[in-house]
Amino acid sequence: MIIFSTNLGDIEIELDFDKAPVSSKNFLKYCEDGFYEGTIFHRVIKGFMAQGGGFTAAMEEKPTRAAIVNEANRGLKNLRGTLAMARTDAPHSATGQFFINLADNSFLDYTATTNAGWGYAVFGTVTAGMDVVTKIGRAKTATQAGHDDVPREQIIIEKVIINR
């Protein structure tokens, strides 16, 4: 279990090492390295998702390790309260950024081994703190440093606690 201690409260996360081993190990390694501490939820779209894990409070993108294979074809679904790997348009481009689904987003699920069909790999579930996730999802947003949907008031991951 991993706890993200944010300035809005704690979010408890359970990783799915059985169905998403590569994504779970990748996320855990970033947690162990302290990568997420001091990062913000930099993209929040009401009723859709809250994305974090890539930018500092100064909106500077953090350097990451190499991209990982997309595991969206392993059967996990983008349901409300699940965590998935954020990526570019390239299916196998996920590194450190993730998002929390604020709704059931089945259109993000795997459908085929094509660029459009790969989907977004789910690797974890929020097991406590959905009230905090809901607060994040209600953040008022604006365009900042060339990025859309940035919360006007920063939502910071202050500390990451790993309970094994």
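Only helices enter this figure: runs of n ≥ 4 DSSP H residues, each worth -39500 (n - 2.57), summed and divided by the residues of the chain, yield -3500 deg cm²/dmol at 222 nm to the nearest 500. In terms of Cα atoms, the Rg and Dmax of region 1-125 work out to 13.5, 39 Å. The charge dipole of region 1-85, taken about its Cα centre with unit charges on the Cβ of Lys, Arg, Asp and Glu (plus for the first two, minus for the last two), comes to roughly 380 debye. With the cut-off at 19 Å, tell me which of the pairs LYS77/LYS135; LYS19/LYS62; LYS29/LYS62; LYS19/LYS135 have Cα atoms farther apart than that. Flagged as over cut-off: LYS77/LYS135; LYS19/LYS62; LYS19/LYS135. For the chain, excluding the exposed loop sites themselves (GluC sites (Glu not before Pro), DSSP loop, at most 13 other Cβ atoms within 10 Å), the longest remaining stretch covers 61-152. Split the chain at each of the chymotrypsin sites (Phe, Trp or Tyr not before Pro) in a DSSP loop with at most 16 other beta carbon atoms within 10 Å, and the longest piece is 49-164.
Any read-out appearing in this document is the output of simple, stated calculations on the displayed coordinates, not a laboratory observation. Computed from a predicted structure; not experimentally measured. FYI the Cβ positions are ideal-geometry reconstructions off the backbone, even for glycines, and counts take in every protein chain you see.
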